[in-house]
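The values are calculated or read from the model by the stated rules, or taken from the named source; none is laboratory data. Just so it is clear, the model here is predicted, and its values are computed rather than measured. Don't worry about glycine lacking a Cβ; one is built from the backbone with ideal geometry, like all the others, and counts go over all protein chains shown.
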Amino acid sequence: MPSFETVRFGVLDYDADSVIDLPDGLIGLPDLRSWLLLDMDENMPMRWLQSVDRPDFGVPVMPPVFFAEEYEIQSRTTVQRRVSPDGEPELVTLIIATVHAGGEKVTGNLRAPLVVDTTTRRGAQIALDDDRLSTRQEIDYFKFGLAVAGESAENEEPEPQAAVAEETAQTVASGL
């Protein structure tokens, strides 16, 4: 089993089948092509995208539901061809997040989502040309807090949005 030492997690042993391949790397980081998606904490809907190519580099990622009520990539067919040219992809969209100094503020780049096919584990960061989307969209702290606590707004059945947020977080955690 391969392993490497990271700054954040120490020595990581990983299964080569768990590596996410980004053939074009991330925007501005084209040489970083192999990645692992790691849990940060058991109840945390935020995950850590760790570079295998550069053990000192990683970024937090989250499902888009924590940043926007509705978020859809318009050119979905183009994205599908890019990440899964030979079949029907099972796509998961992740937003690269920034946790600002002191952890008081979390923002996400909605204009450059990461899209990964959970079947092939191949993905791409997509640059969206949509001025309505922000590169520094602040997180919905209420929704994030509900997901961390495993609760809904009424403390009964999860609201549709909270249920979608929880389901998306679970899909990301188990699918990748």
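Residue selection: E42 fails the criterion of being closer than 19 Å to Q137 by Cβ and modelled with pLDDT under 95.
Kindly establish whether V19 is surrounded by fewer than 17 Cβ atoms within 10 Å (Cβ to Cβ), more than 22 Å from V106 (Cβ to Cβ) and of a type in the set (V, I, T). Reasoning before the result, please.
Working: surrounded by fewer than 17 Cβ atoms within 10 Å (Cβ to Cβ): yes; more than 22 Å from V106 (Cβ to Cβ): yes; of a type in the set (V, I, T): yes.
Yes: the conditions hold for V19.
Quick grid of which residues meet (1) at positive phi; (2) surrounded by fewer than 18 Cβ atoms within 10 Å (Cβ to Cβ); (3) among the aromatic types (F, W, Y); (4) in contact (Cβ under 8 Å) with a residue 40 or more places away in the chain:
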residue: D39; (1), (2), (3), (4): no, yes, no, yes
residue: P45; (1), (2), (3), (4): no, no, no, yes
residue: D56; (1), (2), (3), (4): no, yes, no, yes
residue: M62; (1), (2), (3), (4): no, no, no, yes
residue: T98; (1), (2), (3), (4): no, yes, no, no
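Only a single item in (1) in a helix (DSSP H, G or I); (2) among the basic types (K, R); (3) under 17 Å from Q137 (Cβ atoms) is not met by R81, and it is number (3).
Could you please let me know if Q50 is part of a strand (DSSP E or B) and either without any contact (Cβ under 8 Å) to a residue 24 or more places away in the chain or among the polar types (S, T, N, Q) (or both)? Can you show your working first?
On the way: part of a strand (DSSP E or B): yes; either without any contact (Cβ under 8 Å) to a residue 24 or more places away in the chain or among the polar types (S, T, N, Q) (or both): yes.
Answer is yes for this residue.
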